[in-house]
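Comments concern the structure below.
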Amino acid sequence: MLRRGRFRDAIKRQLDIFASDEEHGLLAEVAELEERYTHADRDEAEEAYGDYSDAVDAVIDALAEMRDRFASTLEEPLAEQYERTFEDAARKRWRWLDRTS
């Protein structure tokens, strides 16, 4: 039986690289826009949330690209296992990825 732990180290390194590369890019933008949304006046909150949501979507897209690139090097059963493990690890690291749309 295959276990998810098989990819744990590789995924941790991938997410560490992403965090380092995007520390002052996408991840900083999410943090800034979340802060803006949190402190927005009632009449500005909807637009601020939309901006925040777009930034989160950009991170999701970038992570999916990284995930898919690596998964494409694996055979199908392993690729599916890797993708699930990657998603779980990313959501655990950045809890806001679980936000509802």
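The table below lists the values:
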quantity: Residue that is surrounded by the most Cβ atoms within 10 Å (Cβ to Cβ), among those in the stretch 76-101 that are assigned to a loop (DSSP other than H, G, I, E, B) and modelled with pLDDT under 95; calculated: R99
quantity: The stretch 22-58, residues that are basic (K, R) and without any contact (Cβ under 8 Å) to a residue 12 or more places away in the chain; calculated: R42
quantity: Filter result (within 21 Å of A28 (Cα to Cα) and in contact with a helix residue (DSSP H, G or I) (Cβ under 7 Å, 6 or more places away or on another chain)) within the stretch 68-93; calculated: A89, A90, R91, R93
quantity: Within the stretch 1-45, tally of residues that are acidic (D, E), more than 25 Å from L78 (Cα to Cα) and surrounded by fewer than 14 Cβ atoms within 10 Å (Cβ to Cβ); calculated: 7
quantity: Residue match in the stretch 46-66 (condition: surrounded by 11 or more Cβ atoms within 10 Å (Cβ to Cβ), assigned to a loop (DSSP other than H, G, I, E, B), more than 12 Å from the chain's Cα centre (by Cα) and at pLDDT 95 or above); calculated: no
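Residue-by-condition table, conditions (1) of a type in the set (A, V, I, L, M, F, W, C); (2) more than 10 Å from the chain's Cα centre (by Cα):
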| residue | (1), (2) |
| --- | --- |
| R69 | no, yes |
| L74 | yes, yes |
| A79 | yes, yes |
| E83 | no, yes |
| F86 | yes, no |
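The values are calculated or read from the model by the stated rules, or taken from the named source; none is laboratory data. Since the structure is predicted, the reported quantities are computational estimates derived from the model, not experimental observations. Quick reminder, even Gly has a Cβ in these numbers, built from the backbone with ideal geometry, and neighbours come from all protein chains shown.
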